[in-house]
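The values are calculated or read from the model by the stated rules, or taken from the named source; none is laboratory data. These figures come from a predicted structure and were not determined experimentally. Please note: Cβ atoms are built from the backbone with ideal geometry, for glycine as well, and neighbour counts cover all protein chains shown.
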Amino acid sequence: MLKILSLGAGVQSSTLALMAENGEIEKPDYAIFADTQSEPEHVYTWLNWLESQLSFPVIRVTAGSLRQELLDACDGIRGAWGRPAFFVKNADGSVGMTRRQCTQDYKLDPIMRQVRELAGVKPKSRGPIEPIVQQIIGISFDEAHRMKPARFRWIRNSYPLVDRRIHRLQCVEWMHKHGFPTPPKSACTFCPYHSDAMWRDIKHNDPGSWNDIVYLDERIRNGQHLLLKGTPYLHRSCQPIDLVDFSCATDYGQADLFGNECEGMCGL
Ligand code: SF4
């Protein structure tokens, strides 16, 4: 069976990759990283380093730049099919969230195209009825609710961290115990699913990304072509992100929102 690690280049999947290299779990034949071309620079630096530590190939696939698609959608150059799920304030004051399509279009679909190619399963075909691919996914025990069965009968998903009851924090501990640095949290810089702790971290430690986030947050409100009924915001408070007060300590420890409807690929 072909073994493929879905590598998000975050804490959990990076730990899995190194555990495999260390012989603690079965080594995959390939790791696949789906690049939205919208991650912070330090994630790409981390990925380069991680790749240098692994004896199995890391294949990078991409559907293009999600950031650029967002800007194009604001300008009406092309549709907004792959956009992130914005928070939207409606005329009656209620707050909702638009449908998220980016994980499917920029993570799951490019990975699936590559898996099909590696497994010799033609695009759009239903494939064999028995599993021929094991897809290894780095969901930790504390996020076990994000597990999902594979979409196709020929793929079997496996969750070694859940099987071993390993939490996210224990992944970090494992990395340190083996002399490795702490992996970054991987996600697009402007992802509306960030926790406040994550926004705060970007604001304080990555001014280049922060300035771009402020710019994008403004652009989506001027993006007439996004065809939204309400007013979109990147932050859940529905305020312009540069006006959000991130100094309050009470939200420390707030979880990110990936678990709400995540299909198990972003932020791992
Ligand atoms: S990290 Fe966020 S914005 Fe990027 S693809 Fe995932 S859900 Fe979408």
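Summary of values
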| item | result |
| --- | --- |
| Filter result for the condition that a residue is of a type in the set (Gly, Ala, Ser), surrounded by 13 or more Cβ atoms within 10 Å (Cβ to Cβ) and modelled with pLDDT of 95 or more, over Ala119, Ala85 | Ala119 |
| Positions within region 14-41 being closer than 21 Å to Phe190 by Cβ and either surrounded by 20 or more Cβ atoms within 10 Å (Cβ to Cβ) or away from the ligand (no atom under 15 Å from the Cβ) (or both), in sequence order | Phe33, Ala34, Asp35, Thr36, Ser38, Glu39, Pro40, Glu41 |
| Inter-residue pairs, beta-carbon under 7 Å, first within 17 Å of Glu69 (Cβ to Cβ) and in region 205-227, second surrounded by fewer than 17 Cβ atoms within 10 Å (Cβ to Cβ), 6+ apart | Asp217/Pro240; Arg219/Leu71; His225/Asp75; His225/Gly76 |
| Which numbered condition Trp174 misses (of (1) among the aromatic types (Phe, Trp, Tyr); (2) at pLDDT below 90; (3) in a helix (DSSP H, G or I)) | (2) |
| Qualifying position, being in a helix (DSSP H, G or I) and in contact with a strand residue (DSSP E or B) (Cβ under 7 Å, 6 or more places away or on another chain), among Glu51, Glu69, Glu26 | Glu51 |
| Complete set of residues in region 88-103 that are surrounded by fewer than 14 Cβ atoms within 10 Å (Cβ to Cβ) and within 16 Å of the ligand (Cβ to nearest atom) | Arg99 |
| Meets criteria (touching a residue at least 40 places away in the same chain (Cβ under 8 Å), assigned to a loop (DSSP other than H, G, I, E, B), more than 15 Å from the chain's Cα centre (by Cα) and under 30 Å from Trp174 (Cβ atoms)) for Pro149 | no |
| In region 57-66, the residues that are among the hydrophobic types (A, V, I, L, M, F, W, C) and either surrounded by fewer than 16 Cβ atoms within 10 Å (Cβ to Cβ) or part of a strand (DSSP E or B) (or both) | Val58, Ile59, Val61 |
